[in-house]
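One structure is given here, and the rest of the page talks about it.
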Amino acid sequence: MSHHDHAETERGPQDIAELPKDKVARFDAALPEILRRYPADHKEAAMLAALRRAQEIFGWLSPAAQKLVADRLGAPATRAEEVATFYVMYHTRPVGRHVVEVCTNVSCSLAGGFDLFENLKAQLGVENGGTTKDGRITLRQVECLGSCGTAPAMLVDEEMYESLTPQSVEKILGGLK
Amino acid sequence: MSETLILTRRWPKNDPSLAGYRADGGYAALDKALGMPPAAIVDEVKASNLRGRGGAGFPTGMKWTFLPKDVRPRYLCINADESEPGTFKDRYICEYDPHLLVEGIAIACFALDIHLAYIYIRGEFAKQARALEKALEEAYAAGILGPKLGGKADFALDVHVVRGAGAYICGEESALMESVEGKKGYPRFKPPFPAIVGLWGKPTIINNVETLANVPWIVTNGGAAFAALGAGKTGGTRLFGVSGNVKRPGVYEKPAGYNLKKLILEDCGGTASGRPVKAVIPGGSSSPVLRGDEIDVSLEPDAIKAAGTMSGSGGVIVMDDSVCMVRALARIAMFYAEESCGQCTPCRQGTPWMWKILEKIERGEGTMDDLKLIEQLPGNIMGQTICALGDAAAMPVQSFVKKFRQEFVDHVEGRGCKHGQTAWGVSRQAREAWVGGNRHPAR
């Protein structure tokens with residue numbers, strides 16, 4: 001719901017020149033550390049890591065941010081786009097200040113994960129993938145997080161929280177500004 | 001009788017540091033390996049009956065011998081993508097004993113003349129990626145990795161951590177290599193197999209985290225000793241992750257031929273609710289489901305295969321008799337629909353179709369024709385796709401409908417789920433977990 005609104009009102013920057021110069025500089029400064037992991041003749045291999053870094057710096061992967069990554073790796077922009085849209089951890093639409101991702105797969109739901117997700121939707125007033133009106137939280141349902149023994153589990157800004165109870169979830173969400 | 005622990009031995013110490021690992025004898029196996037002819041190391045691994053612990057169970061030593069003799073460079077990819085629902089073991093090796101993995105990688109690379117290795121870890125494992133980065137940093141600083149392997153060999157080895165970004169399919173070995181190459185995770189046609197044409201077109205070995213973590217023990221104690229711990233053609237111990245409706249979920253290291261019923265009823269204390277076990281998924285969500293009366297079976301891959309299922313990735317999911325089988329299967333079907341990469345039509349179209357039909361039946365809007373359809377569809381996906389995801393999506397659907405058919409019929413005839421709001425069972429809460437000797441209390 002609300003992420004569709006965002007998509008209509010905010011298409012985001014389209015070209016590299018529209019990106020904030022200081023953030024572009026930060027991205028460029030981070031590149032060598034990423035590139036050193038790959039053979040020099042396989043620069044494009046750094047695509048996943050470079051997109052991750054760009055997302056951390058720019059908040060989400062706008063068309064301009066995707067172009068920046070492709071440009072720096074000597075790849076066509078479509079290569080960045082196909083990777084950015086393939087993996088679920090990349091945001092190709094604006095998201096809230098925090099992203100909360102609840103696992104509802106079998107082991108988590110047997111331990112209350114589905115209930116937890118439904119309660120959060122009601123509490124935050126959003127549907128799956130939606131962002132609260134104040135832009136504080138984007139909520140979505142995700143697949144198995146590999147925390148089945150310590151279910152239910154969720155990610156908050158990509159950090160794992162496990163063995164969740166209604167009380168612990170309330171506390172974790174309360175800490176998100 | 002005290003059981004031999006290979007993988008979880010150091011977990012209760014909660015000390016992943018290099019100093020701690022060394023104090024417990026760590027990296028002595030690498031020292032020993034560096035004094036062996038590389039081919040002798042491969043022979044020990046072959047003799048050990050070590051089989052891949054990612055799910056397929058392929059003999060590791062045999063896989064290693066598939067590398068062509070004269071092509072260089074060769075690469076090693078370590079599969080830490082652990083994403084099969086119900087599977088949560090490799091992450092703890094990374095958290096509690098990352099140097100065990102690093103040592104296994106170092107020995108494997110020395111044995112196979114590989115000088116560059118990538119640990120591909122799923123993007124959601126941020127903490128585990130940090131633990132591995134830290135371990136690698138320590139190993140480089142101590143001169144174990146880098147230009148002189150183990151501080152003495154005239155052998156350079158670089159190991160890097162590469163993070164995924166959320167895609168189950170990247171645990172499939174050829175999709176994993178695509179992802180390491182910085183691409184979307186589309187599986188490749190096989191043959192050629194990765195050992196012949198792999199990463200950047202070069203011969204590549206892909207081994208699971210748990211698989212490689214066994215290698216130091218095999219070098220220290222010999223392949224025969226490892227084989228003796230297991231059963232049949234599967235050597236060693238295995239990590240079984242038990243989740244769902246059990247009193248003590250967690251990761252248990254047991255001999256490869258351990259009994260599934262014993263694991264659930266004794267080690268895990270039976271169901272948390274005290275109700276009977278209704279269904280068990282024995283090896284990750286792709287493995288065919290067993291009824292509660294079918295679980296008195298060995299988890300050794302060949303033995304459990306004879307029982308019509310597989311111990312796959314060692315992820316055991318237990319459901320008591322308060323759980324709706326249609327609800328559970330619909331959620332599993334949703335997973336495969338979400339995670340199908342979209343490359344092959346039968347899987348791309350078939351997985352969401354199965355999911356929608358199952359949701360329809362669960363809602364009480366299904367007909368007997370829908371039930372017929374859901375019995376037919378999996379057979380039209382099986383074997384029709386490039387990778388095993390199609391089969392993985394089909395097997396749970398086939399087995400759930402076959403083994404719990406009356407429950408599906410009841411949903412159609414009763415126009416709904418009799419469990420109502422408790423389709424996920426009556427004991428939906430976090431429980432104290434027991435992970436290789438470490439308590440994880442529910443907060």
Legend entry - Shape of the range B:332-443, Cα gyration tensor, a/c cut at 1.5: oblate
Legend entry - Loop GluC sites (Glu not before Pro), the range B:362-424, which have at most 16 other Cβ atoms in a 10 Å radius of their Cβ (DSSP): B:Glu365
Legend entry - Exposure proxy ranking, count of Cβ atoms within 10 Å, fewest first, for A:Asp157, B:Asp158, A:Asp41, B:Asp320: A:Asp41, A:Asp157, B:Asp158, B:Asp320
Inset, instruction - Rounded to the nearest 10 degrees, what's the angle between the helix B:98-112 long axis and the longest principal axis of chain B, both from Cα atoms, 0 to 90? - result: 70 degrees
Inset, instruction - Would you work out if the protein assembly as shown is rounded, prolate or oblate? Take a ≥ b ≥ c from the square roots of the eigenvalues of the alpha-carbon gyration tensor; rounded if a/c is under 1.5, else prolate when a/b is larger than b/c, oblate otherwise. - result: oblate
Inset, instruction - Give me the distance in nm between label points sitting 7 Å out from Cα along the Cα-to-Cβ direction at A:Asp71 and B:Glu137, one decimal. - result: 3.2 nm
Inset, instruction - Would you work out the charge dipole size for the range B:54-150 about its Cα centre, treating the Cβ of every Lys and Arg as +1 and the Cβ of every Asp and Glu as -1, and quote it to the nearest 20 debye? - result: 240 debye
Legend entry - Shielding by partners, peptide A:161-169 (average Cβ within 10 angstrom, other chains): 3
Inset, instruction - State to the nearest 20 debye the size of the charge dipole of chain A about its Cα centre, where the only charges are +1 on K and R beta carbons and -1 on D and E beta carbons. - result: 400 debye
Legend entry - Farthest toward positive dipole pole in the protein assembly as shown [+1 Lys/Arg, -1 Asp/Glu at C-beta], among A:Thr165, B:Phe88, A:Ala70: B:Phe88
Legend entry - Sparsely packed trypsin sites (Lys or Arg not before Pro) within the range A:56-157, loop by DSSP, other Cβ within 10 Å at most 15: A:Arg97, A:Lys133, A:Arg136
Legend entry - Ellipticity estimate at 222 nm from DSSP helix runs (n ≥ 4, -39,500 (n - 2.57)) divided over chain B, nearest 500: -11500 deg cm²/dmol
Legend entry - Tilt relative to chain B, helix B:126-141 - C-alpha long axis, 0 to 90 degrees, to 10: 10 degrees
Inset, instruction - Compute the FRET efficiency between B:Trp200 and B:Asp410 as 1/(1 + (r/R0)^6), taking r as their Cβ-Cβ distance and R0 = 41 Å, and round to the nearest 0.05. - result: 0.15
Inset, instruction - Name the long-range amide H neighbours of A:Val99: under 5 Å, sequence gap of 5 or more, or other chain; modelled H, no Pro or chain starts. - result: A:Thr138, A:Asp157
Inset, instruction - Starting from the Kirkwood radius over alpha-carbon pairs of the range B:279-358, derive D by Stokes-Einstein at 20 °C in a medium of 1.002 mPa s and give it in µm² s⁻¹. - result: 157 µm²/s
Inset, instruction - Just check chain B against the gyration tensor rule for me: Cα atoms, a ≥ b ≥ c as the square roots of the eigenvalues, rounded for a/c under 1.5, and otherwise prolate or oblate depending on whether a/b exceeds b/c. - result: prolate
Legend entry - Principal axes of the range A:23-177: Cα extent on each, largest first, Å: 49, 34, 24
Legend entry - Distant-in-sequence amide H partners of B:Leu116 (H built 1.01 Å from N, under 5 Å): B:Leu76, B:Asp158
Inset, instruction - Choose one of B:Ile381, A:Ala30, B:Ala433: the residue whose Cα lies farthest towards the positive end of the charge dipole of the protein assembly as shown (beta-carbon charges +1 Lys, Arg; -1 Asp, Glu; about the Cα centre). - result: B:Ala433
Inset, instruction - Can you grab the distance from the C-alpha centre of the range B:164-212 to the C-alpha centre of the range B:82-152, Å, no decimals? - result: 17 Å
Inset, instruction - Using the number of other C-beta atoms within 10 angstrom as an exposure proxy, rank A:Met47, B:Met310 with the fewest first. - result: B:Met310, A:Met47
Legend entry - Within the range B:90-168, trypsin sites (Lys or Arg not before Pro) in DSSP loop having at most 13 other beta-carbon neighbours inside 10 Å: B:Lys152
Legend entry - Exposure proxy order (Cβ contacts within 10 Å, fewest to most) of A:Met160, B:Met319, B:Met382: B:Met382, A:Met160, B:Met319
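Bear in mind these aren't lab numbers, they're just calculated from the coordinates by the rules spelled out. Since the model is a prediction, treat every value here as computed from it, not as a measurement. Please note: Cβ atoms are built from the backbone with ideal geometry, for glycine as well, and neighbour counts cover all protein chains shown.
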